[in-house]
Amino acid sequence: MDLREKLAPLRRRISEAMLHIYNRGLTTAAGGNISELLREGILITASGKHKGRIKEEDVLLIDPSGEVLLGNGKPSVEWRLHKEIYSNRNDVRAIIHAHPTFSTVIATCNLPYDLMTAESATLLERVSKIPYIKFGSEEFALAVAERIKRSNAILVERHGVIVVGKTLEEALIRLEALEENSKVLYLLRLVENVTS
C-alpha cells in the first residue's frame with residue numbers, strides 16, 4: 001500500500017470535519033484550517049479552498065518546514081501555527097482553527113472569558129485570549145504556541161479560535177463546547193445590561 005492509499009481515510013476524515021464545522025456555522029468559506037499530526041508529517045487543509053466544498057485531495061501532507069509531501073496546492077497559511085503547537089504540546093494530535101461568531105465577538109469585545117456551562121468547564125478546563133496578531137505570521141504562531149501550553153482553546157481578537165485535542169473528535173467536541181459557552185456568556189451579558 002502506497003502513502004496516498006494509506007492516508008486516504010485520514011485525509012477524508014479531515015475534509016469531512018471541515019465540512020461539518022462549515023455546515024454548523026463555525027467557520028467561513030475562506031477561513032479556518034484543520035490538521036492532524038502523524039508519524040509521516042502533518043496532514044493539513046490546503047490554502048484557498050472553499051471550506052464548504054473541501055475534498056479529500058484538498059488535505060495535504062507536509063513536513064515541519066511546510067514542504068508538501070503529498071497532495072497538490074499550498075498548505076494553509078497557518079501551517080506554522082500548527083507546527084509550533086505540536087512542538088509545544090506532546091499530548092496534542094489534532095488542531096482546529098475556526099471563525100465562530102460568538103467566540104470571536106467575545107474575544108474582540110475585551111470581555112473576560114468565563115466557563116459558564118458544566119460541559120465547557122469539563123471539556124475545555126481553561127480558555128486563553130490573545131490580541132490580534134497578523135495571521136500566518138511567525139509572531140502569531142509563537143504567541144499561540146506559548147499560550148496553548150496552559151489552555152485547550154484560545155480566542156483571538158478579530159480573528160477566531162484555536163482548539164486542540166488528543167484526537168480530531170476531541171478537538172471538534174471542544175470547538176462546539178467553546179462556541180456554545182460563548183453564546184451563553186454573550187446572552188448573559190446582554191440580559192445583565194438590559195436588567196441593570
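The values are calculated or read from the model by the stated rules, or taken from the named source; none is laboratory data. The structure presented is a predicted model; accordingly, all values stated were derived computationally and were not measured. Using ideal geometry, Cβ is built from the backbone for each residue, glycine included, and neighbour counts are taken over all protein chains shown.
Some values worked out for this structure:
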{"read-out": "Residue satisfying all of: in region 159-182; part of a helix (DSSP H, G or I) and touching a Ser or Thr at 6+ places or on another chain (Cβ under 8 Å); surrounded by the fewest Cβ atoms within 10 Å (Cβ to Cβ) among these", "value": "Glu180"}
{"read-out": "Residues that are of a type in the set (Phe, Trp, Tyr) and surrounded by fewer than 23 Cβ atoms within 10 Å (Cβ to Cβ), drawn from region 71-103", "value": "Tyr86, Phe102"}
{"read-out": "Selection count where residues are more than 17 Å from the chain's Cα centre (by Cα) and among the hydrophobic types (A, V, I, L, M, F, W, C), scope region 68-93", "value": "3"}
{"read-out": "Check on Thr45, without any contact (Cβ under 8 Å) to a residue 24 or more places away in the chain and either in contact with a helix residue (DSSP H, G or I) (Cβ under 6 Å, 6 or more places away or on another chain) or within 23 Å of Leu155 (Cβ to Cβ) (or both)", "value": "no"}
{"read-out": "Yes/no for Leu168 being more than 22 Å from Gly66 (Cα to Cα) and of a type outside the set (Lys, Arg)", "value": "no"}
{"read-out": "Count of region 36-50 residues which are closer than 18 Å to Lys74 by Cβ and among the hydrophobic types (A, V, I, L, M, F, W, C)", "value": "4"}
{"read-out": "Complete set of residues in region 15-33 that are in contact (Cβ under 8 Å) with a residue 40 or more places away in the chain and either in contact with a Cys (Cβ under 9 Å, 6 or more places away or on another chain) or over 14 Å from Ser47 (Cα atoms) (or both)", "value": "Ala17, His20, Ile21, Arg24, Gly25, Leu26, Thr27"}
{"read-out": "Among the candidates Gly48, Gly25, Gly31, Gly52, residue that is touching a Phe, Trp or Tyr at 6+ places or on another chain (Cβ under 6 Å) and either assigned to a loop (DSSP other than H, G, I, E, B) or among the basic types (Lys, Arg) (or both)", "value": "Gly52"}
{"read-out": "Test set (1) under 28 Å from Arg189 (Cα atoms); (2) surrounded by fewer than 22 Cβ atoms within 10 Å (Cβ to Cβ); (3) at pLDDT 95 or above; (4) touching a strand residue (DSSP E or B) at 6+ places or on another chain (Cβ under 9 Å) - Val68 fails condition number", "value": "(1)"}
{"read-out": "Residue within region 100-114 that is under 19 Å from Leu38 (Cα atoms) and of a type outside the set (A, V, I, L, M, F, W, C) present", "value": "no"}
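Okay, residues lined up against (1) crowded, with 18+ Cβ neighbours inside 10 Å; (2) over 14 Å from the mean Cα position of the chain (by Cα); (3) closer than 18 Å to Gly66 by Cβ:
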| position | (1), (2), (3) |
| --- | --- |
| Arg11 | yes, yes, yes |
| Ile21 | yes, no, no |
| Thr27 | yes, no, no |
| Ser35 | yes, no, yes |
| Leu38 | no, yes, yes |
| Ile42 | yes, yes, yes |
| Gly48 | no, yes, yes |
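Okay, residues lined up against (1) touching a Gly at 6+ places or on another chain (Cβ under 6 Å); (2) closer than 20 Å to Ser47 by Cα; (3) acidic (Asp, Glu):
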position: Glu119; (1), (2), (3): no, no, yes
position: Tyr132; (1), (2), (3): no, no, no
position: Gly136; (1), (2), (3): no, yes, no
position: Glu146; (1), (2), (3): no, no, yes
position: Asn152; (1), (2), (3): no, no, no
position: Leu155; (1), (2), (3): no, no, no
position: Thr167; (1), (2), (3): no, no, no
